[in-house]
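The values are calculated or read from the model by the stated rules, or taken from the named source; none is laboratory data. Source: prediction; values computed, not measured. Cβ sites come from the backbone with ideal geometry, for glycine too, and all protein chains shown count toward neighbours. SASA here: full protein model, heavy atoms, side chains in, ligands and nucleic acids out. Shrake-Rupley method; radii C 1.70, N 1.55, O 1.52, S 1.80 Å.
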Amino acid sequence: MTTRKPRIGVFKFASCDGCQLTVLDCEDELLDLAERVDIAYFLEAIRRPLEGEFDIALVEGSVYTPEQEEYIRDIRQRSRFLITLGACAAQGGIQALRNFTPPDEYPRVVYALPQYIESLAKSRPASDYVPVDLALQGCPINKQQLLRVLVQMLLGSKPRVPNHALCLDCKRQNIVCVLVAQGKPCMGPITTTGCGVLCPSYDRPCYSCFGPAYQPNPSSLTRRFAHLGFAPHEIQRLLHGYYSQAPEFREEGQRYARS
Amino acid sequence: MTPQEVRLQPFPPAGLPDPYCPEPAVIRSIETETPGVATFRLELQNASRQRMYRYQPGQFNMLFIFGVGEVPISISSTPGEQAGIDHTVRFVGTVTRVMERLRPGDVLGLRGPYGTGWPLEQARGQDVLIVAGGLGLAPLRPVIQTLLARRSQYRRLLLLYGSRQPMDLLYQREYAGWVQQGLELMVTVDRADQSWNGRVGVVPALLSRVSFDPTQTIAFTCGPEVMIRFTVYELLARRLSPERIYLSIERNMQCGVGLCGRCQLGPYFVCKDGPVFAFNRIGRFIRPEHF
Amino acid sequence: MPMSGGVPPIGQAVVLNKTDLGAIIEQLWQAGYTVIGPTIAQGAIVFDEVHRLDQLPIGWTDEQEGGTYRLKRRDDKAYFGYAVGPHSWKKYLFPPRLSLFSLQKTQDGFHVQQNQEPVPRYAFLGIRSCDLHAIEIQDRTFLYGPHVDSHYQARREGVFIIAVNCSKAAPTCFCTSMQTGPKVERGFDLALTELSESFVVEVATPRGADLLTGLPYREATGEDLGAAARVVRDTASSMKRHMDTYDLPELLYNNLEHPRWDDVAKRCLSCTNCTMVCPTCFCHCIEEVPDLDGQRAERIRLWDSCFNPAHSYMAGGMIRSDIRARYRQWLTHKLASWIDQYGVSGCVGCGRCITWCPVAIDITEEVAAIRSDADKRTKEGSP
Amino acid sequence: MPDPNSDRSSRIDTPPHQGDSPERIIRVSTLARVEGEGALTIRLCNDRVEEVQLRIFEAPRYFEAFLRGRHMQEVPDLTARICGICPVAYQMSSCHALEQLAGIEVSGPLRELRRLLYCGEWIESHTLHIYLLHAPDFLGYESALAMAQDRPEYAALVRNGLQLKKAGNAIISLLGGRAIHPINVRVGGFYHVPSKKELKQLGEELKGAHDLARQTVRWAASLDFPAFEHDYEFVALRHQAEYPMNEGRLVSSRGLNIAMGEFPKHFEEYQVPYSNAYQCRRKNGGAYYVGPLARWNLNFDRVPASIRQVADETGITWPCRNPYVSIIARSLEVLYAVEEAIRIITTYEMPDSPAMPYQPCAGQGAWITEAPRGILYHGYETDASGIIRQASIIPPTSQNQLQMEGDLLRIAPQLVNLSEQEAALRAEKVIRNYDPCISCATHFLKLRVERR
């Protein structure tokens, strides 16, 4: 095994900073982690120039400006293993709702002089530009999942992240199904696990801030929502939320947008 | 009607050993076989446990890497031939990738042996036809060695073996010895290179080149599932009856002891009812895809 | 003739005031049992620790149909006037998440430290016949194979069981089809049948009899026994769902490529809910959870499901790579290969998988569809 | 001049002098230890400040645009995503504005729980800034990790800071489900409220935090502060009885005292012709100062006497006009938040219902709450079914931006005789006093001070 400490960089694109904050939220682990790895670039926490190559790049945020297109390519070239953090980097994030609108609409709404705004027409995931080795899902990512992946890498194994439906972990926690017992529109059956089953454990339906599970079946679930009395625009908003650009959610949501 | 406390059987005694518990095992040697494949010779750290360790050709062990997890690996050495237990491993999975970095003297975990072995007794007095593909030769190597050690008890011994390319052929250094001891060996590769002047083609195709007497032959096969399928169909077409065809199935064993349910194939738990099955038991369940 | 005070005879039935159940609960706790029973939480009747009578769902019931469950008030004060809820007892004997042991790295390898946490001694209050059968079925998996699951064994042995004969069948129940209810037949210490003011209590074991000692019970009269029998009979006759189990394994094995699998795959979410609520499903996975410094690791056992794609994952791909294959695996295992494996069906007709399927897939309907079509195809003379 | 954007490194660099031009440029191409992305350029000519450019190149994410068409009940979840550091602030301003719109007022235990949640965020966000972002400026390090690795006493200091931060996150996690983007906040209250038992356990965890918070004030007071004072207009909420979080009137150190709904009458967002930045200023054109120092200066009479005493022991005369001292104000607010959290936990009674019901309706609502970095304004307009038609969000960092620019202009003369490296660092420190949260800046900011 290598004796050199792995060099880690944390890189930000269009985002709320929440996923990289997750690193600093590892209050019990942060200093030990800094002993095991060399956190060589992390602008939110370290005043140090960007230089050299990285064993692991942690990339937060979506690609949303012309400079960011160049930046993501640069980061990829510098990095052996590139992990995206969160919904923005994986699927464009909440700001990718703009992707459904004409390019000039949003700047006009927000700015008096929209012609000065420099952003791409669409908020895109890193994987639209470069190969991504692993995507940690979530808005924001789960701290335990991040640590688990880093430990797996330190042990020399290929990190894997479970992507089954949230329901499995919901029932492992003995939570009563909020969809069946309360008729609430829970996205759990088509949402990937990872959050720790937060919403159902707080008596609210999952709103899919972790995105689609592996091989989801959204049309069956949304038929059920419609049967329970939810209107097409309500169903559409559920699908077009934090993972609106995941193909399964995007297409199913557009079906309801049209109806 | 008198209600009574009725149980199927008395409960087994409490305090039995935990079936999931690995034992430390030391790597005695690592032999690189082909690119990305090596044979690990292991010995249980506890010497008396190692002395008591018994297995049959065809069985497997769960190997364990600290902090990473376990992986089922078939035993590729021959019982009684040597001190350690051999496992031929391809470095592809979560656990095996880490194994690639281990060195002799390192310790990993082992529990087993698990599963059923090849029916060597049933093969006595018969022609034995072994058909293997790729890494599928590993669990058959102890069969070959055992049969050769008792050569006189069997009639013809045939091995049909193939791999993707010449450099992927396992145990090449042993072929000459096997042939010398009376094994008929046919080797093929899917894709040849300049170094290769042997046969090219898939393994089941080799079958058409050999003749055998279906009433006196028993066949053992192991390899990729597609290869097994075509081999079996060919053997059946050549009138070998299903109970004379044995195959070793690969599934994702996790507990190894028939509890976790992951390796189910129809009514069977591959880990405890297999991995070696007679085709007449398993045939209807390997035909539907993805079952 | 009052018998109060003495030890009731084993194998006979006595009559007890309903409120005296409170004393039984109390005595069980005093005897060192952790009493688990029905209680209301999260909008459902679930199982949890029960210390007092008022924790029971007295006067509550459930309304169930495919994909829906609602808690409702009854117009009486019935203690057990509901069918089965989202929880099964397996969560106690086969916990959804269990730390098996921890491993510590040492100079010359590693050392295994078994989890030393004491295992509770459980008393199950209010277990129904279907669930009692389910426990027997899980016993076959975990206790009577070549390898015994020591963790299950430690929890299972010595469980005190107070069963209840069902006075109500949910529309999703079909235990009569599976011959698993509604009357409890065996495997309990005490069995209650609820009448309007009292319980008729069958006493099956010495420890069950001990528990009644000192309570103001009386011998059951013929009238009491008749009333109790009527409760069960009415429940059985009100059962709305049925499954024709005739030659079911062969039917399914012969129809592994039936088009119905494609149809159900369009509806199935592969969300695992049916397997999680099923009282017999036992699939699990093992996880290795290392500490940050890599010196210590914990081995965890978690409930898993054949609907989890990772369940059939091997390096190189998934065996059951689509929802069709996963649903087919579940249904054929439950109703066919289970019988090959354990000599009994894996289904006890509790109906949970129907109620708790978010999209209301109904196992009885799927089987009926395959059967009717298969029958039709046979009649038409095609294979 | 090269576009600072094209150079993505945080290199603190100096372009070569061109011939014998007297021009010097001090550039920080990417600001470190702030949330979000900004750049800073100061152009000097003949030792005179020619230009100060604070450019925030955080990509625009257009929250106000995509909020239109969403249902009001979704808003607290959506606006949380503006900022991962202070999501609770966004949720609180959203909820209050929409409750005002719907005509309900959340009171009793639910009001207390919201205050508790906000305490958690103040503790977490302030501690993050004090220990991980600001401390390295005072102690001369690139990061808190470098501090910890360099000296054992700093390792202990950072460890303490992390533990205190963890206490804040524990509050948010219990009430909100998770520390970042809590899932349990809704218009009208919560989805699920904690039991007394759960809160009691949390109270146990906070006991240690109280000691750490006192130590933090003492440690912060021991730092050296540059003499740098200015007569700012401090703006904050002020409540009749409490230290302000979710409610109060808007007051300033120059006598402003208005209902929060009148904010648009007295403050304006504007876009200047040479920039597409929205900034906020007093309608009279003046810059103003929001955040912990402003809050403390205007409200220190609203904390318990014991905390006022701790504040006096720092040796600082309050009100204080030195932005470097904001680290003490921040640490005093942490101490207050810990005590307030303990008070709420101790007196908590579980409410009958986790939320107050409301009817979606057409209307307008606006509210201000005190985010860790200062006042946060949200205004909404809905249609009859509760769908958002208009949203306006003014985060504290936009409001402080003109002030930061002012501080840079004021400090610039002092940079003249410093090396570029040193000058850049000094300029950065001025910015970091404000704990700017650039990700919060929902508007795309591009500030230029044109050469005259």
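Among the residues of the stretch A:178-205, those identified as within 9 Å of another protein chain (Cβ to nearest Cβ), open to solvent by 10 Å² or more (accessible area, probe 1.4 Å) and touching a residue at least 40 places away in the same chain (Cβ under 8 Å) are A:Gly183, A:Cys195, A:Gly196. If the condition is being in contact with a strand residue (DSSP E or B) (Cβ under 7 Å, 6 or more places away or on another chain) and open to solvent by 10 Å² or more (accessible area, probe 1.4 Å), then the stretch B:70-87 contributes B:Glu70, B:Val71, B:Pro72, B:Ile73, B:Ser74, B:Ala83.
Condition check ((1) open to solvent by 20 Å² or more (accessible area, probe 1.4 Å); (2) away from every other protein chain (no Cβ under 12 Å)) across all residues:
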position	(1), (2)
D:Leu31	no, no
D:Val34	no, no
D:Asn46	yes, yes
D:Ala59	no, no
D:Glu74	yes, no
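Checked against (1) in contact with a strand residue (DSSP E or B) (Cβ under 9 Å, 6 or more places away or on another chain); (2) open to solvent by less than 50 Å² (accessible area, probe 1.4 Å), D:Leu332 passes all but condition (1). When the residues of the stretch C:305-324 are filtered to those that are at the interface with another protein chain (Cβ under 7 Å from one of its Cβ atoms) and in a helix (DSSP H, G or I), the one that is nearest to B:Thr94 (Cα to Cα) is C:Ala310. Looking only at the stretch D:168-181, residues that are more than 9 Å from chain A (Cβ to nearest Cβ), farther than 16 Å from A:Gln144 by Cβ and more than 19 Å from the chain's Cα centre (by Cα) come to 2 in all.
Take the residues in the stretch A:20-40 that are outside any loop (DSSP other than H, G, I, E, B), more than 7 Å from every other protein chain (Cβ to nearest Cβ) and modelled with pLDDT of 95 or more, then tell me which one is farthest from D:Gln149 (Cα to Cα). Checked the stretch A:20-40; the qualifying residue farthest from D:Gln149 (Cα to Cα) is A:Gln20. Among the residues of the stretch C:63-82, those that are out of contact with any helix residue (DSSP H, G or I) (no Cβ under 9 Å at 6 or more places or on another chain) and outside any loop (DSSP other than H, G, I, E, B) comprise C:Glu63, C:Lys72, C:Arg73. Among the residues of the stretch C:135-163, those identified as within 7 Å of another protein chain (Cβ to nearest Cβ) and of a type in the set (A, V, I, L, M) are C:Leu143, C:Val148, C:Ala154. From the list D:Leu78, D:Leu128, the lone residue that is part of a helix (DSSP H, G or I), over 20 Å from D:Tyr336 (Cα atoms) and within 8 Å of chain A (Cβ to nearest Cβ) is D:Leu78.
For the residues B:Arg287, B:Arg262, B:Arg251, B:Arg244, the requirement of being without any contact (Cβ under 8 Å) to a residue 60 or more places away in the chain and within 16 Å of the chain's Cα centre (by Cα) singles out B:Arg251. Filtering the stretch C:291-304 to residues that are surrounded by 22 or more Cβ atoms within 10 Å (Cβ to Cβ), within 9 Å of chain B (Cβ to nearest Cβ) and not aliphatic (A, V, I, L, M) leaves C:Arg299, C:Arg301, C:Asp304. The sole residue among D:Leu223, D:Leu206 that is surrounded by 21 or more Cβ atoms within 10 Å (Cβ to Cβ) and more than 12 Å from chain A (Cβ to nearest Cβ) is D:Leu206. So B:Val92 ticks every box in (1) within 12 Å of chain C (Cβ to nearest Cβ); (2) at pLDDT below 95; (3) open to solvent by 40 Å² or more (accessible area, probe 1.4 Å); (4) not in a loop (DSSP other than H, G, I, E, B) but one. Which box is left unticked? Of the numbered conditions (1) within 12 Å of chain C (Cβ to nearest Cβ); (2) at pLDDT below 95; (3) open to solvent by 40 Å² or more (accessible area, probe 1.4 Å); (4) not in a loop (DSSP other than H, G, I, E, B), the odd one out for B:Val92 is (4).
Quick check: is even one residue across the stretch A:51-62 assigned to a helix (DSSP H, G or I), closer than 20 Å to A:Leu120 by Cβ and out of contact with any Cys (no Cβ under 6 Å at 6 or more places or on another chain)? Within the stretch A:51-62, not a single residue is assigned to a helix (DSSP H, G or I), closer than 20 Å to A:Leu120 by Cβ and out of contact with any Cys (no Cβ under 6 Å at 6 or more places or on another chain). When the stretch B:255-274 is examined, which residues are found to be open to solvent by 10 Å² or more (accessible area, probe 1.4 Å), closer than 19 Å to B:Glu225 by Cβ and of a type outside the set (Asp, Glu)? Answer for the stretch B:255-274, where residues must be open to solvent by 10 Å² or more (accessible area, probe 1.4 Å), closer than 19 Å to B:Glu225 by Cβ and of a type outside the set (Asp, Glu): B:Arg262, B:Pro267, B:Tyr268. The helices (runs of 4 or more DSSP H) located wholly in the stretch C:83-197 that include 2 or more residues which are closer than 25 Å to C:Gln55 by Cα occupy C:90-93, C:129-142, C:150-156.
Can you find a residue that is in contact (Cβ under 8 Å) with a residue 60 or more places away in the chain, within 23 Å of the chain's Cα centre (by Cα) and within 24 Å of C:Ala13 (Cα to Cα) anywhere in the stretch C:235-248? The answer is yes, given that some residue of the stretch C:235-248 is in contact (Cβ under 8 Å) with a residue 60 or more places away in the chain, within 23 Å of the chain's Cα centre (by Cα) and within 24 Å of C:Ala13 (Cα to Cα).
With respect to B:Glu234, determine if the residue is closer than 28 Å to C:Trp338 by Cα and open to solvent by 50 Å² or more (accessible area, probe 1.4 Å). When the stated conditions are applied, B:Glu234 does not pass them.
Among the residues of the stretch C:57-72, write down those that are open to solvent by 70 Å² or more (accessible area, probe 1.4 Å), out of contact with any Lys or Arg (no Cβ under 7 Å at 6 or more places or on another chain) and within 12 Å of C:Gly43 (Cα to Cα). The answer is C:Arg70, C:Lys72. When A:Phe210, A:Phe230 are checked against the criterion of being among the hydrophobic types (A, V, I, L, M, F, W, C), in contact with a strand residue (DSSP E or B) (Cβ under 7 Å, 6 or more places away or on another chain) and not in a helix (DSSP H, G or I), a single residue qualifies: A:Phe210. Residues that are surrounded by 20 or more Cβ atoms within 10 Å (Cβ to Cβ) and facing chain C (nearest Cβ under 9 Å) were ranked within the stretch A:206-217; the one that is farthest from A:Arg258 (Cα to Cα) is A:Ala213.
The set of residues in the stretch D:171-188 being small (Gly, Ala, Ser) and buried (at least 24 other Cβ atoms within 10 Å of the Cβ) consists of D:Gly176, D:Ala179. In this structure, is D:Ile328 assigned to a helix (DSSP H, G or I) and touching an Asp or Glu at 6+ places or on another chain (Cβ under 9 Å)? Judged against the criteria, D:Ile328 is not a match.
Tell me which residues, restricted to the stretch A:146-173, are small (Gly, Ala, Ser), more than 8 Å from chain C (Cβ to nearest Cβ) and in contact (Cβ under 8 Å) with a residue 12 or more places away in the chain. Answer for the stretch A:146-173, where residues must be small (Gly, Ala, Ser), more than 8 Å from chain C (Cβ to nearest Cβ) and in contact (Cβ under 8 Å) with a residue 12 or more places away in the chain: just A:Gly156. Cβ-Cβ distances below 6 Å connect the following pairs, each with a first residue in the stretch C:34-45 that is surrounded by fewer than 22 Cβ atoms within 10 Å (Cβ to Cβ), a second residue that is of a type in the set (S, T, N, Q), and a separation of six or more residues or different chains: C:Thr39/C:Gln55; C:Gly43/A:Gln182.
Pairs linking a residue in the stretch A:56-71 that is within 7 Å of another protein chain (Cβ to nearest Cβ) to a residue that is assigned to a strand (DSSP E or B) and open to solvent by less than 10 Å² (accessible area, probe 1.4 Å), with Cβ atoms under 6 Å and 6 or more positions apart or on different chains, are A:Tyr64/A:Ala14.
Counting residues in the stretch C:153-168 that are at pLDDT 95 or above, open to solvent by 50 Å² or more (accessible area, probe 1.4 Å) and closer than 27 Å to C:Ala31 by Cα gives zero.
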